[in-house]
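Worksheet: one structure, shown below.
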Amino acid sequence: MIEPRLPKYQWGQRVKAAVDLVNDGSFPDAPANGLLVGAGGIGEIVKVGMQTEANLPIYVVEFGERLVVGCLEEEITML
């Protein structure tokens, strides 16, 4: 069993996208593999969860008013 990794970031923290975030199919109204948020885009963590199979933290980040994206730690960085 893989030990859970503790979250590096917390709810309410402002972060920026470390890489371009593209549609992995989670956004049916956006083109597949289309750009959702460019690297450097500013957002706020609105929820911290856990991917149970790999025991990795998942961050739900709100970029702007209408775009909420699930991110891995490697995809975001502190402001």
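Summary table
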| quantity | calculated |
| --- | --- |
| Residue tally, condition part of a strand (DSSP E or B), out of contact with any Leu (no Cβ under 6 Å at 6 or more places or on another chain), surrounded by 12 or more Cβ atoms within 10 Å (Cβ to Cβ) and of a type outside the set (Phe, Trp, Tyr), over the stretch 58-79 | 10 |
| Extreme residue, surrounded by the fewest Cβ atoms within 10 Å (Cβ to Cβ), among residues of the stretch 1-38 that are modelled with pLDDT of 95 or more and of a type in the set (Phe, Trp, Tyr) | Trp11 |
| Hits in the stretch 51-67 (condition: more than 13 Å from Ala17 (Cβ to Cβ) and at pLDDT 95 or above) | Pro57, Ile58, Val60 |
| Leading residue by the ranking (surrounded by the fewest Cβ atoms within 10 Å (Cβ to Cβ)) among those in the stretch 39-57 that are part of a loop (DSSP other than H, G, I, E, B) and in contact with a strand residue (DSSP E or B) (Cβ under 7 Å, 6 or more places away or on another chain) | Gly40 |
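The values are calculated or read from the model by the stated rules, or taken from the named source; none is laboratory data. Computed from a predicted structure; not experimentally measured. Cβ: placed from backbone, ideal geometry, glycine included. Neighbour counts: every protein chain shown.
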